[in-house]
1. Okay, which of the range 304-320 sit inside 14 Å, backbone N to the point 7 Å along the Cα-Cβ direction of Phe347?
2. Order the peptides 254-263, 332-341 from the highest to the lowest mean number of other Cβ atoms within 10 Å of their residues.
3. Past 24 Å, Cα to Cα, is the threshold; run Lys185/Lys265; Lys111/Lys219; Lys185/Lys269; Lys219/Lys341 against it and keep the listed order.
4. Lys132 to Asp194: extension gain in nm, 0.36 nm per residue of separation minus the Cα-Cα distance?
Amino acid sequence: MLKNKYIQKILVSLFVVICIAAISCVMYFKSNIKDSPDVNNKVVAETEQNHTEKLKDISINIADHYITNTGDPGNLYSIDENNVLWGCGNNDWGQLAQGTRDYDVHNEKVKIAENVVHVDYSREGFAIYLTKDNKLYAFGHAGKGTEEFSKKYGYDKTAKLFDNNYYVDTPRLIMEDVRYARCGKFDIIAIKNDGSVWSWGTTNESMTFENYAVSFIKKPEKILDNAVLVTGGTFHAALLNDGTVWTWGYNPADNCGIADSLVVKTPTKVASDVIMVWTGRLQYNSDKYSLAGFDGEYPAEMMNTVIEKNDGSYWICGEGIGTEQKTVSGETEYTVTCSSKFVPYEFPANEFSK
C-alpha cells in the first residue's frame, strides 16, 4: 500500500514536470516566433502601411511660402522686417492703395498696411495681402464691363468707375480666417484654416486670349477641401494633404498636366505622392528691390507644372517638354512643343522655392 502511494507521488511529480516543460516550450516559441518569415512579413507590411499613412498626411509650414517681395516694371510690393507693406509704381487703378488714382509712376515707396505677412500681385493691376490675424485684403483693378464686375472681390458699392473699368483705391477686407492666398491673372485663390480652397474673379470658362473678362464669380466659391498649398498665375495648382495635386485654368501647352483642353474648368487630379508643387515660377520672391532694377523687363513665367515627389525626385509637364507639337490660337497663332505627361526634371541649381 505504501509502495503504491510512493509510486503515485512519483507519477504526479513527473506529470507536473512535464506540464512545466510544455508550458516553457510554448512560451519560448511565442517569444521567438517574431523571427519566423511570416511574422517578419507582417511586421514589414505594418511598417510600410504606417509609412504610407504618414506620406498621405502632407504637412506644410505655410510661412515658408509667404511672398514678401514681388512685382515687375509696373508695380513693386515689399514687406519689411516690421511687417509693414510698401508699394511703388503705377497708380492708374489705385494699386498704391492711397485713396487716389493717377497716371504718374511713383518711384518712391508708400506705406499701404501694417501687420502684413504675405503679399501677391497680378500684372492686371490688382494686389492682395494677408495679415497676421488671417484677414485677406485686396485693392486695385476690379474688372471691366458692367456694374456686375464691381463685385469681383465679393463686396458691393465700394469699387469706383473710370473709363468702363472698376477699381478699388484703398484696401478692402475680402475674406477672414485665411491661411494663404494667391493672385491669378484675373482671379484670387485662397485657402482657409480648415483647408478649404475658395476661388473668385474670372471664371475659368472665360479665360482665353480672345476674351479674358466675360464672366466673374461675384463671391468666393469653394472648389476643394483638405489643401495645404495653392499656386497662382494664368493657371493654378493645389496640393492636398493626401499628396495629390489638382490643376485648373488656362492650359494652352498642356501645362496643367491635361491633354487637349484649352481651359481646364474644374480642379482635376494630375499627380500623387507629391510634397511640393510650382506653377508660373519656381521662385516666390523677386530679387529686385526697385522699379529700376527690372530695367523695363517683365519676369518671364513658365507654362509648366513642376512637382516634387516624396522620394525627392522632380517631375515637369507643359511647354518645352516632350516632342508633341501643338498649334495654339491666341492674339496670334503659334506652335508649341509640349507634354501633358510628367517627365523627370533636373531642378536648376540656381532656383529656389523662395
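Here, each number is a calculation from the coordinates, and none is a lab measurement. If you're wondering where the values come from, they're calculated on a predicted model, not measured in any experiment. Virtual Cβ from ideal backbone geometry, glycine too; neighbours counted across all protein chains shown.
1. Flagged as within label range: 306-316.
2. The most tightly packed comes first, giving 254-263, 332-341.
3. Working: Lys185/Lys265 15 Å; Lys111/Lys219 28 Å; Lys185/Lys269 22 Å; Lys219/Lys341 34 Å.
Those over the limit are Lys111/Lys219; Lys219/Lys341.
4. Here the answer is 20.7 nm.
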